[in-house]
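Below is one structure; the comments refer to it alone.
The values are calculated or read from the model by the stated rules, or taken from the named source; none is laboratory data. Just so you know, these numbers come straight off a predicted model, no measurement behind them. Cβ placement follows ideal geometry from the backbone for every residue including glycine, while neighbour counts extend to all protein chains displayed. Ligands, DNA and RNA are stripped out before the accessible areas are found, and what is left, the full protein with its side chains, is counted by its heavy atoms. Shrake-Rupley method; radii C 1.70, N 1.55, O 1.52, S 1.80 Å.
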Amino acid sequence: MSSGRYAALTGWGMAVPQRIVTNAELAQKVDTSDEWIRTRTGIRERRVAGPDEPTSALAAAAGQAALVRAGLSAADIDMVIVTTCTPDRPFPATACAVQARLGMAHGSAFDLVAACSGFVYGMTVASGLVRSGVSRNLLLIGADIFTHLINWNDRNTCVLFGDGAGAVVLQATDAPLGLLSANLGSWGEGEDLMVAETGGTRQPATPELLASGSQFVTMNGREIFKHAVREMCNSAQRAVEEAGLTLDDIALVVPHQANVRIIEAVARRLELPMDRFVVNLDRYGNTSAASVPIALSEAAEQGRIPDGAYVLMTAFGGGLTWGSCVVRWGGSPK
Ligand code: ACO
């Protein structure tokens with residue numbers, strides 16, 4: 001690949017923990033049911049990481065799979081970005097641990113935090129770094145062990161989330177491939193709509209606070225639902241327009257996998273058929289920053305994205321944050 005004006009997606013991969021937690025298993029712990037979870041969210045099961053599976057392990061496994069797909073090795077990569085809100089440790093960046101796990105003794109690595117919107121933000125930042133010449137071959141990974149932030153006794157949140165990682169390789173090219181447009185947004189006033197209160201500098205952890213469970217995420221699901229549908233639709237329409245396309249040109253939409261009802265509402269508002277959306281949350285739940293690249297990887301593996309196709313990614317998450325981007329699929333410049 002030449003250095004160039006575009007950043008083609010030449011590889012993709014994913015990794016999820018082995019352990020499957022079904023709705024029936026959760027119904028034994030909290031007052032919920034498989035029926036409630038399926039009809040309100042579309043989720044049937046999720047993967048949950050074990051104690052020897054930190055975020056960097058899942059991230060490195062997904063990254064390695066993406067490298068194999070691209071026909072590259074870690075030696076070819078000059079930058080690793082991990083987007084996560086559940087890092088291995090508060091300090092330093094999880095991307096550095098991933099760099100070490102991949103055996104990269106060169107290049108640069110850093111984390112990016114935008115909750116569930118992280119991968120769309122990451123695509124925008126990573127593509128900019130490739131297009132400006134700072135990086136030529138970049139590994140972008142969305143990885144979260146969101147169950148780390150979950151109170152397993154809170155039925156409002158514990159049924160929704162799962163763990164995983166997804167990755168893409170971006171390579172410089174002169175062919176008009178990869179990111180064509182992006183539209184990002186955030187609303188800081190809404191930060192309390194979904195928050196893990198304890199453990200940062202505003203409210204450091206104490207034994208009392210930890211005993212009260214305030215290190216776990218609380219969420220106003222109904223409010224988030226409304227914002228999610230509105231902002232995903234608005235940003236998607238803007239991103240498609242900025243790419244010089246119409247929604248009819250979009251072959252596949254890869255939305256954040258939070259709730260199938262959110263995806264259905266977005267499809268209705270955008271007047272697109274559901275078969276143009278990737279939906280895999282039934283098997284993974286909401287994997288936060290990993291959800292879009294996992295869905296993208298599965299769609300690519302299933303042959304759902306022909307070369308030259310326009311793909312719309314759209315996401316929404318805590319912050320509040322949201323964003324959409326349009327990419328042109330295909331790795332080999334014609
Ligand atoms: N099982 C059974 N009942 C439940 C459960 C459960 N697991 N969870 C909530 N309920 C109850 C509620 O207590 C409520 O009972 P009440 O009426 O007696 O008070 C009732 O079900 C209905 O609650 P609603 O909040 O109205 O249910 P809704 O249909 O809105 O579904 C949900 C809730 C699934 C959380 C939905 O609002 C949603 O998906 N919101 C978006 C959340 C989201 O995507 N968050 C992640 C953002 S991404 C990120 O940054 C990681």
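Worth a mention:
- Rg and Dmax, both from the Cα atoms of the stretch 256-334 and both in Å, are 13.0, 40.
- Counting every C-alpha pair in the stretch 1-107, the share spaced more than 16 angstrom apart comes to 68%.
- Environment charge of THR32, counting only residues whose C-beta is closer than 12 Å and scoring Lys/Arg +1, Asp/Glu -1: -1
- Taking 0.36 nm per residue of separation and subtracting the Cα-Cα distance, full extension of the segment from HIS227 to ASP52 would add 59.4 nm.
- Solvent-accessible heavy-atom area per residue, rounded to whole Å², over the chain at 1.4 Å: 41
- Whole-number percent relative contact order across the chain, with pairs defined as alpha carbons under 8 Å at least 6 apart: 27
- Spin-label model, ARG5 to ASN153: label points 7 Å out along the Cα-to-beta-carbon direction sit 6.0 nm apart.
- The stretch 43-55 - phi-based ³J(HN,Hα) in whole Hz, Karplus 6.51/-1.76/1.60, Gly and Pro as x: 7, 10, 7, 9, 9, 10, 6, x, x, 9, 10, x, 4
- Per the Debye calculation on the chain with a single equal scatterer at every Cα and no solvent contribution, log₁₀ I(q)/I(0) for q = 0.14 Å⁻¹ amounts to -1.06.
- With all projection directions averaged, the alpha carbon convex hull of the stretch 6-175 covers 10.4 nm².
- Residue-count net charge about ASP88 - beta-carbon cut-off 14 Å; Lys, Arg +1, Asp, Glu -1: -3
- Pair ARG269, THR218: separation of 7 Å Cα→Cβ label points (nm): 2.7
- Stretchable slack from GLN302 to ASP174, in nm (0.36 nm times residue separation minus alpha-carbon distance): 43.3 nm
- C-alpha center-to-center spacing [the stretch 171-232, the stretch 64-133] in angstrom: 19
- Debye-sum result for the stretch 136-237 in log10 I(q)/I(0), which assumes one identical scatterer on each alpha carbon, at q = 0.18 Å⁻¹: -1.09
- Take every pair of alpha-carbon atoms less than 8 Å apart whose residues are at least six positions apart; their mean separation over the length of the stretch 180-328 yields a relative contact order of 37 percent.
- Rounded to the nearest angstrom and listed largest first, the equivalent-ellipsoid semi-axes of the stretch 180-328 from its Cα gyration tensor are 32, 16, 13.
- Euclidean distance of C-alpha centroids, the stretch 142-161 and the stretch 41-61, integer Å: 11
- Percent carbon-and-sulfur accessible area, the stretch 180-328, ignoring ligands, DNA and RNA, probe 1.4 Å: 47
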